[in-house]
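Notes follow the structure.
Each value in this text was obtained by applying a stated rule to the coordinates, not by laboratory testing. These numbers come from a predicted model, not from an experiment.
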Amino acid sequence: MTIKPILMKNIRWFIFGFFSVSIGLYPILYGLVDMTQGFLGGKSVEILSSAVWNWAFYQHISMGAVSMLAGWIQFSKKLRDKRIAIHRLLGKVYVSAVLLSGSAGLYLSFYVS
């Protein structure tokens, strides 16, 4: 029994979209749940009390989320062909989010423990 190529393509798109959206929505947990036992639990009190470090951390995770949510749909040929204006807008959002997340990540890299 073989799976038809169109079905395989749809399955791959579903998996790609599911993981992109799941990873993109993960940072919401930092606003809803006390995450100090996880990643933030390994940080010193001095770092956690720094307003600049917190700003960079939340910028990094929120803009990373935006890039994950906006980026995966850019691979859609249907979107590119039928809605070029939306494709271009999402591309600009994606590039901006990556630059902001990356610059914050660069700052955070100096405080890796």
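Rg/Rh, computed from the Cα trace of segment 5-109 with Rh as the Kirkwood radius, has the value 1.09.
Cross-link partners of Lys78 among lysines, defined as those whose alpha carbon lies under 27 angstrom from its own and excluding same-chain residues fewer than eight positions apart: Lys4, Lys9, Lys92.
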